[in-house]
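The values are calculated or read from the model by the stated rules, or taken from the named source; none is laboratory data. Only a predicted model underlies this, so the values are computations on that prediction, with no experimental measurement involved. When we count neighbours, we look across all protein chains shown, and the Cβ atoms used for this are built from the backbone with ideal geometry, even at glycine.
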Ligand SMILES: [Zn+2]
């Protein structure tokens, strides 16, 4: 799942490619907006809001897109081969004279009035990488349901926006509690560290192509637990464990060290 930092990087690339330039190509391949034409309009800016991408164009319109599990925006120069996937996976194309942005496998592509953007993203909690970041509100949101497992509460973007499945596992490791610990059982000093730690993790990775939470760029040592089962914990050498957390479509692979992290496990 794209994390807040991935979406932020996508927003920056799109902004660099499109902002300040007039669109000469516009093709939204979703039934509802298939006839919409944005050519002739200048792109004003591209920003990330949580995991949502907002491309604002002249005339008070915003193209809202979401990457969810495996969506992506690729940027191409004229004549460059498009390598983001087969043509039937293309959901949106926006281009000017020097760059073409192609959105692949985007589960959400919709045109909104810029004034009504909050209808699409207003349900999000404070954004870890946004100007509205507010650690106290984020923490209060997390504690609204004290019985909820920490890992699930961290992924719920209504609490705080930007944490995906990788940072969920990594953050729980750094806090030394399992993702199954009920939020209400977090020791107070641990809870107090959580918002700042989450923000530091995302900020440290905002401009990096690979995610690093350990401080080491060696392959296999970039993350403490995510994707590492059953290899030994980098801290105590105990085999890392893996189980799914959440139910139905929200089930996510989750990793932890049974020695370094305290709390219930499945
Ligand atoms: Zn360990």
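Each row is one residue, and each column tells you yes or no for (1) within 16 Å of the ligand (Cβ to nearest atom); (2) more than 23 Å from the chain's Cα centre (by Cα); (3) part of a loop (DSSP other than H, G, I, E, B).
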residue: 210; (1), (2), (3): no, no, yes
residue: 216; (1), (2), (3): yes, no, yes
residue: 221; (1), (2), (3): yes, no, yes
residue: 259; (1), (2), (3): yes, yes, yes
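Away from the ligand (no atom under 16 Å from the Cβ), farther than 27 Å from residue 68 by Cβ, touching a residue at least 60 places away in the same chain (Cβ under 8 Å) and not in a loop (DSSP other than H, G, I, E, B) - does that describe any residue in the range 189-202? I'd like the intermediate steps shown before the answer.
The initial filter retains those residues of the range 189-202 that are away from the ligand (no atom under 16 Å from the Cβ), namely 189-202.
Adding the requirement that they be farther than 27 Å from residue 68 by Cβ leaves 189-193, 196.
Then drop every residue that is not touching a residue at least 60 places away in the same chain (Cβ under 8 Å), which leaves 196.
Subsequent filtering for residues that are not in a loop (DSSP other than H, G, I, E, B) retains 196.
Checking the range 189-202: at least one residue is away from the ligand (no atom under 16 Å from the Cβ), farther than 27 Å from residue 68 by Cβ, touching a residue at least 60 places away in the same chain (Cβ under 8 Å) and not in a loop (DSSP other than H, G, I, E, B).
Out of (1) buried (at least 17 other Cβ atoms within 10 Å of the Cβ); (2) touching a helix residue (DSSP H, G or I) at 6+ places or on another chain (Cβ under 9 Å); (3) within 30 Å of residue 39 (Cα to Cα), the odd one out for residue 98 is which?
(1)
Would you please list the contacts, defined by Cβ atoms under 8 Å and residues six or more apart or on different chains, that run from a residue in the range 235-248 that is closer than 17 Å to residue 262 by Cβ to a residue that is more than 14 Å from the ligand (Cβ to nearest atom) and in a loop (DSSP other than H, G, I, E, B)?
What qualifies is 243/266; 245/179; 245/180; 245/251; 245/266.
Being within 22 Å of the chain's Cα centre (by Cα) and over 21 Å from residue 250 (Cβ atoms) is true for just one of 206, 176. Which residue is that?
Going through 206, 176 in turn, just one is within 22 Å of the chain's Cα centre (by Cα) and over 21 Å from residue 250 (Cβ atoms): 206.
One residue is enough: does the range 89-109 have a residue meeting the conditions more than 15 Å from residue 28 (Cβ to Cβ), free of Cβ contacts under 8 Å to residues at least 60 places away in the same chain and not in a loop (DSSP other than H, G, I, E, B)? Working first, answer last.
Applying the first criterion (more than 15 Å from residue 28 (Cβ to Cβ)) to the range 89-109 yields 96-99.
Keeping just the survivors that are free of Cβ contacts under 8 Å to residues at least 60 places away in the same chain gives none.
Within the range 89-109 (the criterion being more than 15 Å from residue 28 (Cβ to Cβ), free of Cβ contacts under 8 Å to residues at least 60 places away in the same chain and not in a loop (DSSP other than H, G, I, E, B)), the answer is no, since none of the residues qualifies.
Results for (1) more than 16 Å from the ligand (Cβ to nearest atom); (2) modelled with pLDDT under 95; (3) under 14 Å from residue 172 (Cβ atoms); (4) outside any strand (DSSP E or B), shown as yes or no for each residue.
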residue	(1), (2), (3), (4)
227	no, no, no, yes
236	no, no, no, yes
244	yes, no, no, no
253	yes, no, yes, no
266	yes, yes, yes, yes
